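Let me begin by presenting the structure, written as C-alpha cells, before commenting on it.
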Amino acid sequence: MSSKRILQVSEQIREHIAMMLIRGEISDPRVKNITINSVRVSPDLQLAKVYYSVMGTEADQSAADKGLKQASSFIRRSIGDALKMRYTPAISFFYDESIVRAARISELIETIKREDAEADGEVAVKKPVNGSDQN
C-alpha cells in the first residue's frame, strides 16, 4: 500500500474526529478543549494512533484521556460509517506533549534573551564612553 494512501487516511481520520469534537457529537464533557494534532495509521491500516493536546491542567489532561478512551468505540464506529473503509482501524489516543515542550523552550529562550539584555545594560553602564571618565 502506498504511503500516499496512508497519509490520506490519516488526514481523513484527523479531520473526522476534529469535526466530531467541534459539532459536539461526543457528549462527554471531559473531551472539551481538545485539539487533535495528528494521526498516524499503521501500514496495514489496522491501527490509528491519534495524538491530541488539551488546554488546561494535568487534571484536565487526565480527564480528557479517560473521556477519549471511553468514547473510542463510538469514534471508531463513526469513522467507519464516514470513510466507508473495508476495515476501520482500531483507535488509540495519546497525549501530545510537543506543544507544552515548545512553549517551555520558547519561555527559556525569552528568559535567556532578557538576561542577555540585562547583562548588556550593566556592561554599558560600567563601560566608559569615548574615554570621558579618564583623568
Where a residue in segment 20-45 is more than 13 Å from residue 67 (Cα to Cα) and at pLDDT 85 or above and its partner, wherever it lies, is of a type in the set (Val, Ile, Thr) and part of a strand (DSSP E or B), with Cβ under 7 Å and at least six apart: 36/50; 39/50
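Select, from 65, 60, 28, 44, the only residue that is of a type in the set (D, E, K, R) and within 14 Å of the chain's Cα centre (by Cα).
On the way: 60 fails: within 14 Å of the chain's Cα centre (by Cα); 28 fails: within 14 Å of the chain's Cα centre (by Cα); 44 fails: within 14 Å of the chain's Cα centre (by Cα).
Only one candidate qualifies: 65.
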Matching residues, segment 48-63, being small (Gly, Ala, Ser) and out of contact with any Ser or Thr (no Cβ under 9 Å at 6 or more places or on another chain): 56, 59, 62, 63
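The values are calculated or read from the model by the stated rules, or taken from the named source; none is laboratory data. All values derive from a computational prediction rather than experimental measurement. We place every Cβ from the backbone using ideal geometry, glycine too, and count neighbours over all the protein chains shown.
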